[in-house]
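Everything on this sheet refers to the single structure shown next.
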């Protein structure tokens with residue numbers, strides 16, 4: 001279940017067993033809200049199976065901001081770390097198997113991780129991957145057309161195209177589902 005994390009963070013077996021005891025396994029149906037915008041995040045999650053999306057409300061319009069799939073961890077980082085209201089909501093797209101940990105338990109693990117320079121650096125790289133994804137997504141809205149954003153998504157994250165409903169993909173790209181259909185039709189004609 002946590003093989004992906006064990007590969008990235010080579011904890012000694014005794015510590016790994018101790019850490020894993022802090023996680024609670026959850027099986028949740030699709031469309032389960034895990035955190036609502038403006039609530040304080042009390043948990044972080046690891047996805048064993050399924051897809052979760054991060055979204056926010058923009059004047060009554062649901063805007064998808066990020067997707068999380070198997071073998072990834074997620075939380076509203078700023079809310080979880082600082083105890084401030086979350087800027088986003090999290091919702092499952094598919095039936096999912098998640099592993100949940102609360103803040104006090106994760107803080108204990110992080111204290112131990114921070115003591116080891118190698119593990120600390122690996123953890124920071126892991127956290128910054130998400131930040132880099134956000135930056136790349138943000139800059140794509142400045143420099144790329146909607147069609148180019150869609151093309152990039154098909155090349156860089158084809159699993160999103162295969163598994164996620166079109167209306168969420170359109171929202172993620174900042175366009176309507178009608179515009180997304182036009183882009184897909186245009187790309188097919190050009191092939």
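Numbers for the structure displayed
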{"quantity": "Of all residues making up region 72-90, the number that are part of a loop (DSSP other than H, G, I, E, B) and surrounded by 20 or more Cβ atoms within 10 Å (Cβ to Cβ)", "calculated": "4"}
{"quantity": "Odd one out for residue 171 among (1) at pLDDT 90 or above; (2) under 22 Å from residue 33 (Cα atoms); (3) in the same structural domain as residue 65 (by TED's automatic domain parsing); (4) not in a loop (DSSP other than H, G, I, E, B)", "calculated": "(3)"}
{"quantity": "Residue in region 156-168 that is surrounded by the fewest Cβ atoms within 10 Å (Cβ to Cβ), counting only those that are in a loop (DSSP other than H, G, I, E, B) and within 15 Å of the chain's Cα centre (by Cα)", "calculated": "157"}
{"quantity": "Where a residue in region 38-65 is assigned by TED's automatic domain parsing to the domain that holds residue 100 and free of Cβ contacts under 8 Å to residues at least 60 places away in the same chain and its partner, wherever it lies, is loosely packed, with under 14 Cβ neighbours inside 10 Å and not in a strand (DSSP E or B), with Cβ under 6 Å and at least six apart", "calculated": "40/83"}
{"quantity": "For residue 140: the one exception among (1) farther than 23 Å from residue 59 by Cα; (2) surrounded by 12 or more Cβ atoms within 10 Å (Cβ to Cβ)", "calculated": "(1)"}
{"quantity": "Only listed residue being farther than 21 Å from residue 180 by Cβ and in a helix (DSSP H, G or I), chosen from 133, 125", "calculated": "125"}
{"quantity": "Residue within region 79-92 that is touching a residue at least 60 places away in the same chain (Cβ under 8 Å) and touching a helix residue (DSSP H, G or I) at 6+ places or on another chain (Cβ under 8 Å) present", "calculated": "no"}
{"quantity": "Residue 156 on the phi < 0 side of the Ramachandran plot and outside the structural domain of residue 32 (by TED's automatic domain parsing)", "calculated": "yes"}
{"quantity": "Cross-chain or 6+ apart pairs with Cβ under 7 Å, region 121-135 first and assigned by TED's automatic domain parsing to the domain that holds residue 71, then part of a helix (DSSP H, G or I) and surrounded by 11 or more Cβ atoms within 10 Å (Cβ to Cβ)", "calculated": "122/8; 123/113; 126/8"}
{"quantity": "Any chance residue 191 is touching a helix residue (DSSP H, G or I) at 6+ places or on another chain (Cβ under 8 Å), farther than 23 Å from residue 77 by Cβ and modelled with pLDDT under 95", "calculated": "no"}
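Table: residues versus (1) modelled with pLDDT under 95; (2) part of a helix (DSSP H, G or I); (3) surrounded by 18 or more Cβ atoms within 10 Å (Cβ to Cβ); (4) in contact with a helix residue (DSSP H, G or I) (Cβ under 9 Å, 6 or more places away or on another chain).
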| residue | (1), (2), (3), (4) |
| --- | --- |
| 15 | yes, yes, no, yes |
| 19 | yes, yes, yes, yes |
| 22 | yes, no, no, yes |
| 31 | no, no, no, no |
| 37 | no, no, no, no |
| 44 | yes, no, yes, yes |
| 47 | yes, no, yes, no |
| 56 | no, no, no, no |
| 70 | yes, no, no, yes |
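The values are calculated or read from the model by the stated rules, or taken from the named source; none is laboratory data. Keep in mind that what you see is a predicted model, and the values were worked out from it rather than measured. Glycine also receives a Cβ, built like all others from the backbone with ideal geometry; neighbour counts cover every protein chain displayed.
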